[in-house]
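The values are calculated or read from the model by the stated rules, or taken from the named source; none is laboratory data. Computed from a prediction, not measured in an experiment: that's the story for all the values here. Cβ atoms come from the backbone with ideal geometry, glycine included; neighbour counts cover every protein chain shown. We work out accessible area using only protein heavy atoms, side chains counted, and drop any ligands, DNA or RNA first. Shrake-Rupley method; radii C 1.70, N 1.55, O 1.52, S 1.80 Å.
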Amino acid sequence: EAGVTQFPSHSVIEKGQTVTLRCDPISGHDNLYWYRRVMGKEIKFLLHFVKESKQDESGMPNNRFLAERTGGTYSTLKVQPAELEDSGVYFCASTGTVNSPLHFGNGTRLTVT
Amino acid sequence: ELKVEQNPLFLSMQEGKNYTIYCNYSTTSDRLYWYRQDPGKSLESLFVLLSNGAVKQEGRLMASLDTKARLSTLHITAAVHDLSATYFCVVGRRTSYGKLTFGQGTILTVHP
C-alpha cells in the first residue's frame, strides 16, 4: 500500500510570496490531518478533514493559511502571503478511523527568506 | 491545555546499554502513542497505549503507561546503532478525533 505522500519535499520562497503544499493520503482514508513543526517547537496540529469537510481547524494560525480537500481525496495547504515565521516542516497524516494511529508523510520543509 | 513533556531531549548512548525516556502529560488522556522519526523521513507509529498499566514490547523497545501518574516510559534494552532516531511521545483523547499533542521529541544517538 502506498503511504502518505507530500509534495514538494522542500520549498524556498521569499517573504510575501505564495506557496501551496500538497498531500495525498493513503487511499480510502477519510481522515486527513495537517501538522507543522516550526524551528525549536513541538509538532502542532493545524486541522483535520473528514472527507472534504473541515472537522476541526482550531490549529490554523491565521487567515493566511487556507486548506482544501476537494472531492475528499488529496489536500492542499496554501500560505498567502508567506511570512518568515511560517518556516518549518509541514506534515500531513491520514487514518481510516479517527482513533487509529496516524500515518504520516515525509513532510514538506518550507523556508521563507 | 494539554502539555506533553519528554526527557531527556538528547540522549547519547553506547551500544549495549539500557536507558529510559520519560514522558509526562498534564491532563487526563485516553491514548498515548510513541512514534519514531528517522531524519528526513515520516513519523512511524511504534506503540499505542490505551489503559493504565499497559505495557507493550517490540524488539529492544518497551513502552508502559501509568495513567494515574500521567507518565509513560520508553525503555531501550541493549541499544544498537539502528535505534538512533527521534522518538516522540504523543497524547490524544478519543473525543479529539485524531488531534494529537506532541512532546518535544528525544533525539537518540547510539554509538559503537
Only loop residues by DSSP count here, and only those with at most 10 other Cβ atoms within 10 Å; note down the trypsin sites (Lys or Arg not before Pro) in segment B:41-112 that meet that.
-> B:K68
Globularity index of chain A, i.e. its alpha-carbon radius of gyration over 2.2 N^0.38 Å = 0.99
Treating cross-link reach as a plain straight distance, find the aspartates and glutamates whose alpha-carbon is under 12 Å from the alpha-carbon of B:K68, omitting any fewer than eight places away in the same chain.
-> B:D30
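Give me the Kirkwood hydrodynamic radius of segment A:1-54 in Å, from all C-alpha pairs, to one decimal place? Each step should come with its number before you reach the end.
Values: mean 1/r = 0.0759 Å⁻¹.
Mean inverse Cα-Cα distance, inverted, gives 13.2 Å.
Please report Rg over Rh for the protein assembly as shown, where both radii come from the alpha carbon positions and Rh follows the Kirkwood definition. Provide the component values of the computation, followed by the final result.
Details: Rg = 17.6 Å, Rh = 18.1 Å.
Answer for the protein assembly as shown: 0.98.
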Evaluate the relative contact order of segment A:5-112 (contact order divided by residue number), counting alpha-carbon pairs under 8 angstrom at least 6 apart; express in whole percent.
-> 37
Unpartnered Cys in the protein assembly as shown, judged by a 4.7 Å Cβ-Cβ cut-off, are none
For the protein assembly as shown, report the accessible area per residue in Å² (1.4 Å probe, heavy atoms, rounded to an integer).
-> 50
Given GluC sites (Glu not before Pro), DSSP loops and at most 14 other Cβ atoms within 10 Å, the longest exposed-site-free stretch of chain B is B:16-112
Number of partner chain Cβ atoms within 10 Å, mean per residue of B:100-108 = 3
Reachable aspartates and glutamates, given that their alpha-carbon falls under 14 Å from the alpha-carbon of A:K15 and they are not under 8 places away in the same chain = A:E83, A:E85, A:D86
Selection of GluC sites (Glu not before Pro), segment A:3-84, meeting DSSP coil and at most 16 other Cβ within 10 Å | A:E14, A:E52, A:E57, A:E83
May I ask for the accessible area buried between chains B and A, both sides summed, probe 1.4 Å, to the nearest 100 Å²?
-> 1700
Quick shape check on segment A:64-113: root eigenvalues a ≥ b ≥ c of the Cα gyration tensor, a/c under 1.5 is rounded, otherwise prolate if a/b tops b/c, else oblate, and it reads oblate
From the Cα gyration tensor of segment B:72-112, with a ≥ b ≥ c the square roots of its eigenvalues, which class applies: rounded if a/c is under 1.5, or else prolate if a/b is larger than b/c, or else oblate?
-> prolate
Just the projected area, averaged over all directions, of the convex hull on the alpha carbon atoms of chain B: how many nm²?
-> 6.6
